[in-house]
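Notes follow once the structure below has been shown.
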Amino acid sequence: MRLLIIEDEQRIATYLQQGLVEAGFSVSLAGTAADGLQQALSDEPDLIVLDVMLPDLSGWEVLRTLRAAGRVLPVLFLTARDSVEDRVRGLELGADDYLIKPFAFTELLARIRTLLRRGQPQQVMTHLQVADLEMDLLKRRVSRAGQRINLTAREFALLELLMRRQGEIFSKALIASQIWDMNFDSDTNVVEVAIRRLRAKIDDPFDVKLIHTARGMGYRLEWTE
């Protein structure tokens, strides 16, 4: 998924870009309304994170221009203005969500994922497959090349996360928050241990490896021919 952040405060923009890239998104930055509009209209991102207070035009004007051009992609406003009137104005112009600064990055990430899911058809998935690795979500069973693989509840949850979004890189921090519901501590090796144990079960006995390490970034599950 491609995201566009239109934010004139470089420190905030860089922080958001780094976190969202670690979460598996492709992220572009724009520091002005003019640059943001140009990117939004030419690159067609899947979602825009839009600051209200920009140096050339307000975020409201950016949104008005996008909607007038027929762009219906989700737009999430970021602003320090927390009055009800400001929020109503943004929503009436066609904003999809509104987040007040300062905010927790985890909340922003959750809201972005929710907005992206809204436009997608909902279907109940009961079976996941990557190459010869299969996961039955109803029976909670995993097999590879027809061989049953026994996993702990935590290993099953970790594998499900990786299989649902195959090819995406998951940082250690994101895995820790999703699987252990905890903030990642660089002094702990809980994620590395979990990945190592999972590899021992689904990769080590087979020639083709599915769990890959992206050095300095995290882990992904992918079948590469």
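The values are calculated or read from the model by the stated rules, or taken from the named source; none is laboratory data. This one's a predicted model, so the numbers in the text were calculated from it and none came from an experiment. Cβ coordinates were reconstructed from backbone atoms using ideal geometry, including for glycine residues, and neighbour counts include every protein chain displayed. Remember, those area values only see protein heavy atoms, side chains included, never the ligands or the DNA or RNA. Shrake-Rupley method; radii C 1.70, N 1.55, O 1.52, S 1.80 Å.
A simple charge model with +1 on the Cβ of Lys and Arg, -1 on the Cβ of Asp and Glu and nothing else charged puts the dipole of the chain at about 900 debye relative to its Cα centre.
Take the Cα of residue 145, step 7 Å toward its Cβ, do the same at residue 201, and the gap between the two points is 1.8 nm. Sorting 1-7, 155-161 by average packing, meaning the other beta carbons within 10 Å per residue, from highest down gives 1-7, 155-161.
For 143, 26, what's the largest-to-smallest order of accessible area, 1.4 Å probe?
Values: 143 30, 26 65 Å².
Per-residue accessible area, sorted high to low, gives 26, 143.
Which listed residue (146, 174, 130) has the Cα farthest towards the positive end of the charge dipole for region 124-218, taking +1 on Lys and Arg C-beta and -1 on Asp and Glu C-beta about the Cα centre? Going by the charge dipole, the pick is 146.
Heavy-atom surface analysis with a 1.4 Å probe gives the chain a carbon and sulfur content of 48 percent of its accessible area. Full extension of the chain between residue 26 and residue 105 yields a length gain of 26.8 nm, computed as 0.36 nm times the residue separation minus the alpha carbon distance. Lysine pairs in the chain whose alpha-carbon atoms fall under 22 angstrom of each other, counting only those eight or more residues apart or on distinct chains, come to 4. For region 12-65, a simple Cβ point-charge model (Lys and Arg +1, Asp and Glu -1, everything else neutral) yields a dipole of about 100 debye relative to the Cα centre.
Of 147, 17, 39, the residue with the greatest mean-square motion in the GNM of the chain, using alpha carbon springs below 10 Å, is 147.
How much accessible area per residue does the chain have, counting only protein heavy atoms and a probe of 1.4 Å, in square angstrom? Can you show the working numbers first?
Working: 12190 Å² over 225 residues.
It amounts to 54 Å² per residue over the chain.
What share of the DSSP beta bridges in the chain is antiparallel, in percent to the nearest 5? Mind showing how you got there, number by number?
Values: 16 of 33 bridges.
Taking every DSSP beta bridge within the chain, about 50 percent pair in antiparallel fashion.
Across region 133-149, coupling constants 3J(HN,Hα) worked out from phi with the 6.51/-1.76/1.60 Karplus curve, θ = phi - 60°, read 8, 10, 10, 9, 6, 6, 8, 6, 10, 10, 9, 9, 6, x, 9, 5, 10 Hz, and Gly and Pro carry x.
By a 1.4 Å probe calculation restricted to protein chains, residue 105 has an accessible surface near 40 Å², given to the nearest 10.
Taking the helices alone, the chain has a mean residue ellipticity at 222 nm of -11500 deg cm²/dmol, built from -39,500 (n - 2.57) per DSSP H run of at least 4 residues and averaged over all its residues.
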